[in-house]
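Quick note: the coordinates plus some simple rules give every number you see, no bench work behind them. Bear in mind that the values here come from a model prediction, so they are computed numbers and not experimental data. In this analysis, Cβ positions are derived from the backbone assuming ideal geometry, glycine residues included, and neighbour counts consider all displayed protein chains.
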Amino acid sequence: GENVEQHPSTLSVQEGDSAVIKCTYSDSASNYFPWYKQELGKGPQLIIDIRSNVGEKKDQRIAVTLNKTAKHFSLHITETQPEDSAVYFCAAIFNSGNTPLVFGKGTRLSVIA
Amino acid sequence: KAGVTQTPRYLIKTRGQQVTLSCSPISGHRSVSWYQQTPGQGLQFLFEYFSETQRNKGNFPGRFSGRQFSNSRSEMNVSTLELGDSALYLCASSLGASAGNEQFFGPGTRLTVL
């Protein structure tokens, strides 16, 4: 069935280091892959997304890469800061966009000052 | 521009009761999706409404229902509450139908069933 696997479930990094979160998906027809950040007491907030016609997208310290052949995509955060601490979710659209987003189980990122 | 608002923010109910949650989307957004978030299952899709019509439905029992009004505001209802319904219920709005459109989430309603 439609599935998004996300790893790791928890990640601790020192301030200034990089963090990488990886997701794999089951449907080769998926074409939209957003990443959300959820802080305590808040709803998820979109931080970056990528569509299947590009392999990489950057926005300041955040980048996402997509490998459609291998069916995986990754979030890269460079020069991490304490305010990056949150739960991050990857997601994918299946069935050529006729179904809603399917989310990964989330990664709790802790940036240690 | 005001974000997505959800009311109430916190709710405590007992088993067997019913509950209605409300979501007001961003002005101009016509699609509202509802999700259940629990520590064990993560974010699970409940249903999506677009222009007052249910466009998609997740794999939840019939006790979970929803509707959308002409002003795009949406409500979801859970009847005969069970302990396992305790969760954070999130709604998200988007300009068009959710697929491929950026979804903006509200802060959620924390439901506790005793």
Cα Rg over Rh - segment A:1-79, Kirkwood: 0.96
Quick one: work out the % antiparallel among DSSP beta bridges in the protein assembly as shown, nearest 5. 90 percent
Assuming R0 = 41 Å, can you tell me the calculated FRET efficiency for the pair A:Gln14 and B:Gln44, based on Cβ-Cβ distance, to the nearest 0.05? 0.75
Set A:Lys37/A:Lys71; A:Lys37/B:Lys13; A:Lys57/B:Lys57; A:Lys58/B:Lys57; B:Lys13/B:Lys57, cut-off 27 Å on Cα-Cα distance; pairs above it are A:Lys37/B:Lys13; A:Lys57/B:Lys57; A:Lys58/B:Lys57
In whole Å, largest first, what are the principal axis extents of the Cα atoms in the protein assembly as shown? 48, 38, 37
Under 11 Å from a point placed 7 Å out from the Cα of B:Thr20 along the Cα-to-Cβ direction: which residues of segment B:56-88 have their backbone N that close? B:67, B:75-78
Please build a GNM for chain A, connecting alpha carbons under 10 Å apart, and tell me which residue among A:Thr24, A:Thr78, A:Thr69 fluctuates the most. A:Thr69
Using only Cα positions of chain B, each an equal point scatterer, no hydration layer, compute I(q)/I(0) via Debye at q = 0.13, 0.14, 0.17 Å⁻¹ and quote the log10 values to two decimals. -0.43, -0.50, -0.74
